[in-house]
Amino acid sequence: MSADKVVLLDFWVSSFALRVKIALLEKNIEFEVLHEDLLGNKSELLLRSNPIHKKVPVLLPDNKPICESLIIMNYIEEKWLSPALLPKCPYERSVIRFWADFVDKKLFEGGRSTWMSKGEALETAKIEFIEILKQLEGFLGEKNFFNGDSFGFLDIVIFPMTSWFPAYEQCGGFKVDDECPNLATWIKRCMERESVSKVLPDPVKVYEFVSMMRKMHGLE
Ligand code: GS8
């Protein structure tokens with residue numbers, strides 16, 4: 001591996017890995033993607049690079065592993081300064097980091113509870129998930145982007161999670177457009193960005209993946 005080669009250990013449907021791809025594209029950094037088979041056949045490189053969690057994404061700049069998507073995003077922001085994805089003001093940065101943490105703790109878990117349940121549990125999960133979406137929409141308000149005027153760090157943290165929304169909608173029988181119209185408009189706005197459209201997984205394939213996982217867990 002050459003001195004400044006950047007390698008990403010990826011899984012095509014991972015919203016955490018998608019964050020890293022979008023951030024690198026926004027910074028115009030060339031990178032090589034190594035696809036992982038997470039369902040039973042993780043590579044030696046992944047196990048060696050992330051021995052604690054054994055999860056993707058892992059970024060390997062200069063062959064040195066960095067794990068955890070938010071930590072990787074902070075590395076990318078500090079290593080390649082332009083264009084800046086975080087605001088300069090420390091207070092504004094802390095607000096963005098609060099919502100990034102909210103997304104990992106609440107939105108991700110809420111989504112998971114939706115597609116990993118059925119019957120009454122699914123109904124409860126769906127109500128909670130919509131509540132989480134409304135909290136996010138409240139923070140978005142009338143802004144064009146979560147980051148503020150322009151697409152940035154927080155948009156990159158949140159947007160990848162939305163690639164699973166069509167699958168959640170199908171499982172739960174609801175529509176994000178009906179529940180959170182501003183959020184739905186923001187999703188469409190983000191999809192127009194080149195960094196996003198280049199790496200966004202096909203929603204039909206995501207749904208098929210979710211459906212396969214539901215069958216594996218005896219939910220369908
Ligand atoms: C989550 C990564 C993760 O869950 C981050 O990078 O932000 N907090 C971490 N990765 C999943 C794929 S996406 O759902 C993963 O690698 N799973 C493999 C496994 O659990 O064995």
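Given the criteria open to solvent by 70 Å² or more (accessible area, probe 1.4 Å) and hydroxyl-bearing (Ser, Thr, Tyr), does Thr114 qualify?
Answer is no for this residue.
Residues that are at pLDDT 95 or above, within 16 Å of the ligand (Cβ to nearest atom) and open to solvent by less than 10 Å² (accessible area, probe 1.4 Å) occur in region 76-84; there is at least one.
As a summary of the residue check, Asn63 satisfies the conditions (1) under 18 Å from Ala17 (Cβ atoms); (2) assigned by TED's automatic domain parsing to the domain that holds Ser14 except for the one numbered (1).
Of all residues in region 38-58, those satisfying the criterion of being among the aliphatic types (A, V, I, L, M), more than 10 Å from the ligand (Cβ to nearest atom) and either buried (at least 17 other Cβ atoms within 10 Å of the Cβ) or part of a helix (DSSP H, G or I) (or both) are Leu45, Leu47. Restricting the search to region 7-20, which residues are more than 15 Å from Ser195 (Cα to Cα) and either at pLDDT below 95 or open to solvent by less than 10 Å² (accessible area, probe 1.4 Å) (or both)? Correct list: Val7, Leu8, Leu9, Asp10, Val13.
Residue-by-condition table, conditions (1) at pLDDT below 95; (2) open to solvent by less than 30 Å² (accessible area, probe 1.4 Å); (3) in a helix (DSSP H, G or I):
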site: Cys171; (1), (2), (3): yes, yes, yes
site: Asp177; (1), (2), (3): no, no, yes
site: Asn182; (1), (2), (3): no, no, yes
site: Trp186; (1), (2), (3): no, yes, yes
site: Arg189; (1), (2), (3): no, no, yes
site: Lys205; (1), (2), (3): no, no, yes
site: Phe209; (1), (2), (3): no, yes, yes
site: Glu220; (1), (2), (3): yes, no, no
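Contact map, region 65-78: first residue closer than 12 Å to Leu8 by Cβ, second residue aromatic (Phe, Trp, Tyr) and assigned to a helix (DSSP H, G or I), Cβ cut-off under 6 Å, separation 6 or more or different chains; pairs are Ile66/Tyr75; Ser69/Phe16. Might you check whether a residue that is within 15 Å of the ligand (Cβ to nearest atom) and closer than 23 Å to Ser197 by Cα occurs anywhere in region 85-99? So far as region 85-99 goes, no, none of its residues is within 15 Å of the ligand (Cβ to nearest atom) and closer than 23 Å to Ser197 by Cα. The single condition among (1) touching a Cys at 6+ places or on another chain (Cβ under 9 Å); (2) more than 25 Å from Val95 (Cβ to Cβ) that Thr162 does not meet is (2). Taking the conditions (1) away from the ligand (no atom under 15 Å from the Cβ); (2) surrounded by fewer than 18 Cβ atoms within 10 Å (Cβ to Cβ) in turn, Glu26 satisfies each one other than (2). Within region 141-159, being out of contact with any Ser or Thr (no Cβ under 9 Å at 6 or more places or on another chain), assigned to a loop (DSSP other than H, G, I, E, B) and open to solvent by less than 40 Å² (accessible area, probe 1.4 Å) holds for Gly141, Phe146, Asn147, Gly152.
The values are calculated or read from the model by the stated rules, or taken from the named source; none is laboratory data. Because the structure is predicted, anything quoted here is derived from the model rather than measured. Cβ: placed from backbone, ideal geometry, glycine included. Neighbour counts: every protein chain shown. Surface areas here come from the heavy atoms of the whole protein model, side chains and all, with no ligands, DNA or RNA. Shrake-Rupley method; radii C 1.70, N 1.55, O 1.52, S 1.80 Å.
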